[in-house]
Amino acid sequence: MMFTSTGSRGLYKAPLSKSLLLLPTVLTVLLTVLLPQYQDLLIYNLQAVRHGKQFWRLVSGRLVCLDLKDTFCSSLLIYNFRIFERRFGSHKFASFLFGAWILSAFVDLLLTEALRFMFELKVDVLPAGLLGPVFALFVPFYSSIPRVQVTQLLGHVSITNKSLTYIVGAQLLTSSAYMWVVACSGLIAGMLYYSNKLAVQKFLRVPGWAARCGSVLLEPVFSDSEPTAEAPLGMGATLDIQRQQRMDMLDQQLLLSQLAHLSRNAQQQQAQTGLLNWNRFFPTLRHRGQNRHHEGPQQQQPDIHPPDNTAVAEEQVARLMEMGFSRMDAQEALRASNNDINIATNFLLQH
C-alpha cells in the first residue's frame with residue numbers, strides 16, 4: 001500500500017500535478033540560491049495590499065514558496081493528491097485548485113481582519129506559495145478516500161493508509177507562526193468549493209479553452225508513460241509496517257488479478273448470478289502459515305460452490321457510486337473483494 005490508498009502509479013495521467021511539483025520547486029531553488037534579491041516581489045504582504053494598494057501581491061505572493069521546507073512538504077502533498085486529477089480529470093482538478101486559490105485569498109483577508117478586530121492580533125505577512133489549494137485538497141481527501149487500518153502502535157494507536165498524509169500536513173502546518181491562518185483559509189475554501197453550497201463551481205472554474213491550451217502545453221512535457229503492473233512498495237515508518245504493506249499489497253494483487261480474470265470471462269459465465277468471493281478460496285498471506293500449521297494430514301476439500309448472492313453493504317455501494325462508478329460495477333467489485341472498499345476502489349480505478 002502506498003502513501004495513500006491510491007495505488008502505485010507515479011504521475012501517470014497527472015500532468016498538472018507533475019507541473020505543480022516541478023515548476024514551483026525550481027523557482028523556489030532559483031530564488032533561494034541564485035536570485036535572492038527578487039524574493040521581496042513574492043512576499044505575501046497583506047499590509048502592502050491593504051495600505052499600499054499592492055493588490056498584485058495577492059497573486060505573486062501566493063504562487064511560489066520562499067521556504068524550502070514549505071516547498072518540500074507541499075510537494076509531497078501534491079504528489080499524494082494526484083489521485084484527484086486521475087479521478088476528476090485535469091480540467092476539473094485545475095478548476096478545484098483555481099477556485100480554492102481565489103476563495104482562500106478572500107478568506108485570508110477576512111481572517112486577518114477578524115483577528116485584528118477581535119484579538120488585536122496584527123498579521124501583516126503570511127507564508128508565501130500555493131498553500132491555500134494544497135490545504136483545500138484535504139477536504140476531498142478526508143471525504144472521499146477510504147480509511148483502511150494498516151497496523152497499530154502499542155495496541156491502541158491505529159496507523160491507516162492516510163496517516164502519513166496527515167503527518168506531512170501537520171509538519172507543514174507547524175513550519176511557520178501564521179501557517180495556521182493559511183491552513184484555515186484553505187480548508188474553508190476547500191469546503192465551500194467541494195460542497196458547492198454557494199454554487200461557486202459555476203463561476204470559479206477554468207474555461208474550456210484554457211483547459212485545452214493547458215493540455216496542449218503540459219501533456220507533451222509532463223505526461224508519463226503507463227506504468228508496469230508491478231510497482232514499488234510505499235513508505236513505512238518501521239520494518240514491521242513495511243512487511244505489513246508488502247503482505248497487503250500481495251493480497252490486493254491476488255484479489256485484483258482474480259477479479260480481472262473473472263471480468264474478462266463474465267460473458268462466458270452467465271449461469272452464475274453473482275461473483276465469487278475470492279477471500280474464501282485465497283486466505284490472506286498472514287493467515288496462510290497459521291492455517292497450514294493447524295491443518296492435519298487429512299484435509300477436507302473446501303466447498304467450491306459459494307452462494308450466488310454475496311451480501312454487499314449498501315453504504316459502501318453508495319460511496320463507490322459517489323465516486324462515479326456504476327451500481328453494477330460497484331457491487332461486483334465489493335463482492336469479489338469481500339466488501340473491502342479499499343481493494344474495490346483500487347480495482348475500479350485501474351480498470
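Figure legend. Inter-residue proximity from the stretch 114-136: first residues in contact (Cβ under 8 Å) with a residue 60 or more places away in the chain, second residues open to solvent by 60 Å² or more (accessible area, probe 1.4 Å) and hydroxyl-bearing (S, T, Y), beta-carbon distance below 8 Å, spacing 6+ or different chains. Indicated pairs: V123/Y178; V125/Y178; L126/Y178; P127/Y178. Residues in the stretch 24-52 that are open to solvent by 60 Å² or more (accessible area, probe 1.4 Å) and not in a helix (DSSP H, G or I): L35, H51. Which of the residues belonging to the stretch 153-165 are part of a loop (DSSP other than H, G, I, E, B) and either of a type in the set (A, V, I, L, M) or in contact with a Lys or Arg (Cβ under 9 Å, 6 or more places away or on another chain) (or both)? If the condition is that a residue be part of a loop (DSSP other than H, G, I, E, B) and either of a type in the set (A, V, I, L, M) or in contact with a Lys or Arg (Cβ under 9 Å, 6 or more places away or on another chain) (or both), then L154, N161, K162 are the ones that fit. Determine whether R62 is touching a Phe, Trp or Tyr at 6+ places or on another chain (Cβ under 8 Å) and closer than 20 Å to L173 by Cα. Considered against the rule, which asks whether it is touching a Phe, Trp or Tyr at 6+ places or on another chain (Cβ under 8 Å) and closer than 20 Å to L173 by Cα, R62 comes out as yes.
Kindly establish whether L110 is farther than 14 Å from L16 by Cβ, in contact with a helix residue (DSSP H, G or I) (Cβ under 6 Å, 6 or more places away or on another chain) and aliphatic (A, V, I, L, M). Considered against the rule, which asks whether it is farther than 14 Å from L16 by Cβ, in contact with a helix residue (DSSP H, G or I) (Cβ under 6 Å, 6 or more places away or on another chain) and aliphatic (A, V, I, L, M), L110 comes out as no. Here is the figure for the stretch 161-181: residues that are touching a helix residue (DSSP H, G or I) at 6+ places or on another chain (Cβ under 9 Å) and closer than 18 Å to Y142 by Cβ total 11.
Note on the stretch 200-221: residues that are assigned to a helix (DSSP H, G or I), under 14 Å from L103 (Cα atoms) and open to solvent by less than 100 Å² (accessible area, probe 1.4 Å) amount to 2. Of the residues making up the stretch 1-23, those that are surrounded by fewer than 21 Cβ atoms within 10 Å (Cβ to Cβ) and either of a type in the set (D, E) or at pLDDT 90 or above (or both) number 4. Per the conditions (1) in contact (Cβ under 8 Å) with a residue 24 or more places away in the chain; (2) surrounded by fewer than 21 Cβ atoms within 10 Å (Cβ to Cβ), the sole criterion not satisfied by W180 is (1). Considering only residues in the stretch 325-351 that are part of a loop (DSSP other than H, G, I, E, B) and at pLDDT 75 or above, the one that is surrounded by the most Cβ atoms within 10 Å (Cβ to Cβ) turns out to be S337. If you go through the stretch 180-193 and keep only what is under 14 Å from I102 (Cβ atoms) and of a type outside the set (G, A, S), you end up with I188, L192, Y193.
Checking the stretch 111-130 against the condition returns no match, with no residue being under 15 Å from the mean Cα position of the chain (by Cα) and in a helix (DSSP H, G or I). Across the stretch 53-81, the number of residues qualifying as open to solvent by less than 40 Å² (accessible area, probe 1.4 Å) and either out of contact with any Cys (no Cβ under 6 Å at 6 or more places or on another chain) or of a type outside the set (S, T, N, Q) (or both) comes to 15. When V150, V168, V139 are checked against the criterion of being over 16 Å from the mean Cα position of the chain (by Cα) and either of a type in the set (V, I, T) or in a helix (DSSP H, G or I) (or both), V150 stands alone in meeting it.
Here K197 qualifies as over 22 Å from the mean Cα position of the chain (by Cα) and either open to solvent by 50 Å² or more (accessible area, probe 1.4 Å) or in contact (Cβ under 8 Å) with a residue 12 or more places away in the chain (or both).
The values are calculated or read from the model by the stated rules, or taken from the named source; none is laboratory data. All values reported here derive from a predicted model rather than from experimental measurement. Counting neighbours? That spans all protein chains shown, and the Cβs are built from the backbone with ideal geometry, glycine included. Remember, those area values only see protein heavy atoms, side chains included, never the ligands or the DNA or RNA. Shrake-Rupley method; radii C 1.70, N 1.55, O 1.52, S 1.80 Å.
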